[in-house]
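Notes follow once the structure below has been shown.
The values are calculated or read from the model by the stated rules, or taken from the named source; none is laboratory data. For clarity, every value in this text was computed on a predicted model and none was experimentally measured. So basically every Cβ, Gly included, is an ideal-geometry build from the backbone, and we count neighbours across all protein chains shown. Ligands, DNA and RNA are stripped out before the accessible areas are found, and what is left, the full protein with its side chains, is counted by its heavy atoms. Shrake-Rupley method; radii C 1.70, N 1.55, O 1.52, S 1.80 Å.
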Amino acid sequence: MPPLLEMLGIVRTFGAVRANDNINLTVQSGEILGLLGENGSGKSTLMKVLYGMLPPDSGDIRFRDAPLDAKSPFDAIKAGIAMIHQHFMLVEAMTVTENILLGWPGGGQVLKHKQMAEHIRQASRRFGLDLDPDARISALSLGRRQRVEILKAILRDAELLILDEPTSNLAPTEVRELLDIMRRLRSEGKGIVFISHKLPEVLDVCDRVVVLRAGKLAGEAAVASISREQLAEMMVGRNVPMPRVTEGEHRRGALRLSVRGLSATGLSAITFDLRGGEILGIAGVDGNGQLELAEALAGLRPVTDGIVLIGDHDATQASVTARVEMGLAYLPADRSHTALVKAMTVFDNLMLRDSRRPPYGTRALLTPKTGVARARDLMAQYDIRAPGVDFVVGQLSGGNQQKVVIARELSRAPTAVVAHQATWGLDPGATRFVLDQMIALRQQGAAIVYISSELEEILSISDRIAVMAGGAIAGVTPNRNVDLRQIGLWMSGRHA
Amino acid sequence: MSDPSRAVAAAFPARLLAFSGRRQGLGVNIALALALSIVCAAILIALAGRSPLAGFLAILDGAFGSAHQIGAALNRSTPYLLSGVGVAICLRAGIINLGAEGQIALGGAGAAAAALAIPNAPPVVAIVVALAAGALAGAAWSGVAAAIHLGRRVHEVLVTILLNFIALLLVQQLLAGWLGQVGAGFLQSPLMPRGAWLPKMPDFDAHIGILIAVVAALGAWFLIWRTPFGFGLRVAGASRLAAAYAGFSRSQLTWGAMALAGALAGLAGGVEVLGIHRRLIEGFSLGFGFKAVTVALLGATEPLAIIPAALFIGFLETGSLAMQRQIGVPTALVTVIEGLTMIFVLVAMAARRK
């Protein structure tokens with residue numbers, strides 16, 4: 001029997017980045033396929049290509065033994081593919097039945113409310129969904145809402161369901177129930193693509209796994225024949241090491257950043273000390289508290305417990321501005337809405353956090369003359385390629401945008417730096433630039449917290465490596481003869 | 001947050017209105033929008049069986065035909081300019097302040113009350129005190145809106161609109177009570193003391209309000225482009241996350257922008273009362289609040305561009321009276337032109353964001 005879905009030689013590039021580089025993927029009817037990979041490994045791109053949201057540069061897709069050329073999600077849905085997104089597309093004020101009827105195919109016919117409710121009752125029983133057709137969405141838990149989405153797919157005769165990180169918002173019991181529902185769907189002959197970072201779930205429910213890394217197929221295996229350790233290793237990968245900058249004992253400066261039992265929403269009891277001239281690499285799968293840690297350090301997230309010291313100053317309750325004045329620089333992961341204002345100019349973005357200080361201004365007034373002069377200097381010094389300081393940042397390349405952020409943050413000669421996904425979306429050259437800047441800053445005696453889901457970078461520039469999982473630090477190790485398997489295990493949430 | 005306020009928040013394209021970066025070509029787009037709405041108006045006049053050319057000539061004559069007409073048009077533009085600049089300051093920060101109407105009404109009441117309280121003050125003192133009281137009253141009212149918005153997280157559109165009704169009723173109540181003129185057949189205050197009347201400009205029928213308004217617009221320009229506070233407003237309008245990252249407190253920006261908008265609207269009310277009516281009259285500010293929004297958008301929230309925008313609306317409305325008299329096309333047509341302009345301007349802005 002031919003496979004339910006066959007994707008052959010899928011290539012999709014964004015500028016210089018090959019997000020999908022010749023990827024093959026098959027799914028059989030009655031099979032649950034686990035799709036794994038770190039952030040930016042190309043999973044979402046591949047699924048968007050399948051779902052008609054992105055056209056591939058090349059490659060073929062066959063579905064139900066016929067070529068599939070979905071130009072939009074509508075085409076994919078019509079062909080029998082359903083994607084269950086992390087964020088549900090439901091109208092909260094309406095009932096389950098009404099939500100299913102919304103956008104029901106076969107427009108023009110009279111909608112049979114009663115009949116549909118009966119369909120829902122039957123399907124709900126058959127797949128163990130336990131849904132009341134007359135329940136209002138607003139009264140349902142997140143797990144139940146997800147089931148409404150699954151039900152919508154079933155009732156529209158979807159043969160292939162794509163579940164994108166479906167367990168990330170669920171309570172443990174709901175996760176177990178979802179996995180049971182997936183098994184029932186499998187026994188009814190549906191194909192399922194299960195995208196997840198959580199290895200135990202993947203090993204529990206999947207028949208086969210496909211691992212992507214840096215846009216390429218990194219491995220494929222039957223779940224029965226692979227251990228959790230092997231899977232972790234496959235995900236993290238053993239890439240060609242970048243030139244190791246850190247060798248031997250580093251010069252230890254004064255204590256620059258001291259964090260004691262720092263807790264916040266999504267963050268529990270983080271503790272570390274960082275001296276000048278030291279880089280602490282924080283690894284981990286995205287969404288395990290890294291953003292929360294970065295924001296709590298930068299003053300953008302209320303701290304519920306613990307202490308943050310920047311140099312000699314207690315910064316625990318200090319404002320963002322006060323922390324900047326204490327010598328803290330912050331490179332946020334969210335470049336488009338936080339670190340930069342894309343609609344504003346290079347000049348505006350260079351003074352974003354410094355408008356009340358010379359040379360950009362005083363507390364009451366801006367001083368454009370000296371400010372523009374400084375901006376020109378920074379553009380030259382950091383090699384920001386833009387026609388001028390009045391150029392809109394949104395029109396620069398990703399690398400040049402990040403250079404604007406780096407120029408602003410690092411030109412202040414900070415004593416402590418928090419960098420979060422500082423190379424995200426950058427090409428190799430720009431990535432190298434960012435890493436070199438971090439190393440230079442370390443040389444100058446700054447303490448650097450380098451948070452990244454790119455383990456390779458962490459291995460290349462860190463003095464110590466901490467791994468975050470579930471909002472806590474799962475383990476710390478000096479960057480010497482690092483056991484990658486141990487790192488992978490820490491990442492997947494198993495404590496040492 | 002309540003559900004209706006979310007719905008309102010979703011319905012209002014705050015992002016669309018809050019521009020902070022460069023606006024290449026926006027002027028051209030707005031000019032196009034204006035031209036389109038005038039074409040539509042011509043079609044409407046033609047459909048009414050009149051000559052569009054005659055209609056427009058009548059408007060021009062009504063607006064510019066004499067020093068008296070020009071003065072009247074300038075007076076009409078004044079409250080639009082003042083309150084429009086205030087609305088624009090808010091829009092810069094992504095705050096949609098639709099409360100100018102109520103702020104103008106209370107500003108008028110504040111100015112009238114102050115002027116009546118010091119009947120024997122020398123002219124300059126009386127005017128300054130009365131206008132300051134008007135600005136203060138307007139700022140107090142927008143402060144109430146800011147407090148509810150920030151404290152209870154109700155969307156600012158809802159708060160500012162609803163407070164308009166309360167403000168109008170408050171003014172009514174004041175006029176029915178201790179600010180009212182006993183024995184008048186209409187809800188109005190006694191005449192202001194002469195010293196509080198705004199002086200007229202030589203050779204013109206216009207009072208000095210328009211000068212105050214232009215100075216206010218220049219001040220707003222300076223605030224937006226030459227102070228860290230204005231920079232914060234622009235950043236917040238483009239991205240709240242970036243504003244927080246840059247160390248601008250959202251509540252401080254909101255308080256500041258709302259207080260300034262309220263003060264400018266209150267000043268508009270004061271100027272209207274001291275310059276035109278010379279007494280507080282019920283409903284003197286009817287419709288001004290939404291004209292303020294029109295003018296702010298027509299000027300693309302750029303204070304210097306709001307000056308011509310306010311003059312355009314003021315002259316258009318003054319001229320339309322002549323059109324009604326001369327060729328019998330009702331002044332309501334001007335409301336249509338204003339509405340169409342708004343639609344076309346919004347479309348032009350949306351088109352730019354594509």
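So in the stretch B:147-189, with the set limited to residues that are assigned to a loop (DSSP other than H, G, I, E, B) and within 27 Å of B:Leu74 (Cβ to Cβ), which one is modelled with the lowest pLDDT? Restricting to residues being assigned to a loop (DSSP other than H, G, I, E, B) and within 27 Å of B:Leu74 (Cβ to Cβ), the top hit is B:Phe186.
Would you check if A:Gly287 is at pLDDT below 90, touching a helix residue (DSSP H, G or I) at 6+ places or on another chain (Cβ under 8 Å) and open to solvent by 20 Å² or more (accessible area, probe 1.4 Å)? For A:Gly287, the condition - at pLDDT below 90, touching a helix residue (DSSP H, G or I) at 6+ places or on another chain (Cβ under 8 Å) and open to solvent by 20 Å² or more (accessible area, probe 1.4 Å) - is not met. Would you confirm whether any residue within the stretch A:151-170 is over 25 Å from the mean Cα position of the chain (by Cα), hydroxyl-bearing (Ser, Thr, Tyr) and either at pLDDT 90 or above or not in a helix (DSSP H, G or I) (or both)? No: zero hits.
Yes or no, residue by residue, for (1) under 15 Å from A:Leu179 (Cα atoms); (2) touching a residue at least 12 places away in the same chain (Cβ under 8 Å); (3) in the same structural domain as A:Ala79 (by TED's automatic domain parsing):
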{"residue": "A:Ile100", "(1), (2), (3)": "no, yes, yes"}
{"residue": "A:Gly103", "(1), (2), (3)": "no, no, yes"}
{"residue": "A:Arg121", "(1), (2), (3)": "no, yes, yes"}
{"residue": "A:Pro133", "(1), (2), (3)": "no, yes, yes"}
{"residue": "A:Arg136", "(1), (2), (3)": "no, yes, yes"}
{"residue": "A:Ile150", "(1), (2), (3)": "yes, yes, yes"}
{"residue": "A:Ala153", "(1), (2), (3)": "no, yes, yes"}
{"residue": "A:Leu160", "(1), (2), (3)": "no, yes, yes"}
{"residue": "A:Glu165", "(1), (2), (3)": "yes, yes, yes"}
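Once the stretch A:294-328 is narrowed to residues that are open to solvent by 10 Å² or more (accessible area, probe 1.4 Å) and among the small types (Gly, Ala, Ser), the residue that is nearest to the other protein chains (Cβ to nearest Cβ) is A:Ser319.
Counting only strands (runs of 3 or more DSSP E) that sit completely within the stretch A:1-98, those holding 3 or more residues that are of a type in the set (S, T, N, Q) correspond to A:17-27. Look at the stretch A:385-402: where a residue is away from chain B (no Cβ under 12 Å) and a partner is surrounded by fewer than 18 Cβ atoms within 10 Å (Cβ to Cβ) and among the hydroxyl-bearing types (Ser, Thr, Tyr), sitting 6+ places away or on another chain with Cβ atoms under 9 Å, you get A:Arg385/A:Ser397; A:Gln401/A:Ser336.
Which one is farthest from B:Gly247 (Cα to Cα) among residues in the stretch A:349-375 that are small (Gly, Ala, Ser) and without any contact (Cβ under 8 Å) to a residue 24 or more places away in the chain? Reasoning before the result, please.
In the first step, residues of the stretch A:349-375 are kept if they are small (Gly, Ala, Ser); the result is A:355, A:361, A:364, A:371, A:373, A:375.
Cutting the leftovers down to without any contact (Cβ under 8 Å) to a residue 24 or more places away in the chain gives us A:355, A:361, A:364, A:373.
On the way: A:Ser355: 10, A:Gly361: 15, A:Ala364: 15, A:Ala373: 23 Å.
Only one residue tops the list, namely A:Ala373.
Among the residues of the stretch B:124-135, those that are crowded, with 21+ Cβ neighbours inside 10 Å and either more than 18 Å from the chain's Cα centre (by Cα) or among the aliphatic types (A, V, I, L, M) (or both) comprise B:Ala126, B:Ile127, B:Ala130, B:Leu131, B:Ala133, B:Ala135. Selection of first residues in the stretch A:449-465 that are touching a residue at least 40 places away in the same chain (Cβ under 8 Å) and farther than 14 Å from A:Val434 by Cβ and of second residues that are charged (D, E, K, R) and open to solvent by 10 Å² or more (accessible area, probe 1.4 Å), restricted to Cβ pairs under 9 Å at least 6 apart or on distinct chains, gives the following pairs, ordered by first then second residue: A:Ser453/A:Glu38; A:Ser453/A:Asp286; A:Leu455/A:Glu38; A:Leu459/A:Arg244; A:Asp463/A:Arg442.
Mind listing just one residue for me: the one in the stretch A:360-380 that is in a helix (DSSP H, G or I), small (Gly, Ala, Ser) and open to solvent by less than 60 Å² (accessible area, probe 1.4 Å) and, of those, farthest from the other protein chains (Cβ to nearest Cβ)?
We begin by selecting, within the stretch A:360-380, every residue in a helix (DSSP H, G or I); these are A:368-380.
Checking the rest, the ones that are also small (Gly, Ala, Ser) come to A:371, A:373, A:375, A:380.
Then keep just the ones that are open to solvent by less than 60 Å² (accessible area, probe 1.4 Å); that gives A:371, A:373, A:375.
Values: A:Gly371: 10, A:Ala373: 17, A:Ala375: 14 Å.
Checked the stretch A:360-380; the qualifying residue farthest from the other protein chains (Cβ to nearest Cβ) is A:Ala373.
Any idea which of (1) among the β-branched types (Val, Ile, Thr); (2) farther than 30 Å from B:Gly94 by Cβ; (3) in a helix (DSSP H, G or I) is the one B:Ile212 doesn't satisfy? All conditions are met except number (2).
Taking the criterion of being away from every other protein chain (no Cβ under 14 Å) and among the hydrophobic types (A, V, I, L, M, F, W, C), the residues of the stretch A:272-293 that qualify are A:Phe272, A:Leu274, A:Ile279, A:Leu280, A:Ile282, A:Ala283, A:Val285, A:Leu293. Is it fair to say A:Leu309 is modelled with pLDDT of 90 or more, assigned to a strand (DSSP E or B) and within 25 Å of A:Pro414 (Cα to Cα)? Yes: the conditions hold for A:Leu309. Scanning the stretch A:1-52 for residues that are of a type in the set (Val, Ile, Thr) and at pLDDT below 85 turns up just one, A:Val17. Evaluated against (1) surrounded by fewer than 17 Cβ atoms within 10 Å (Cβ to Cβ); (2) out of contact with any Ser or Thr (no Cβ under 8 Å at 6 or more places or on another chain), A:Val96 falls short on exactly one condition, (1). Within the stretch A:396-404, does at least one residue satisfy the condition of being more than 22 Å from the chain's Cα centre (by Cα), at pLDDT below 85 and open to solvent by 10 Å² or more (accessible area, probe 1.4 Å)? Taking every residue of the stretch A:396-404 in turn, at least one turns out to be more than 22 Å from the chain's Cα centre (by Cα), at pLDDT below 85 and open to solvent by 10 Å² or more (accessible area, probe 1.4 Å). Scanning the stretch A:329-359 for residues that are within 8 Å of chain B (Cβ to nearest Cβ) and either closer than 30 Å to A:Val259 by Cβ or not in a loop (DSSP other than H, G, I, E, B) (or both) yields a count of 15.
Please determine, by comparing only the residues of the stretch B:193-244 that are at pLDDT 90 or above, over 23 Å from the mean Cα position of the chain (by Cα) and more than 8 Å from chain A (Cβ to nearest Cβ), which one is least open to solvent (accessible area, probe 1.4 Å). That would be B:Ala243.
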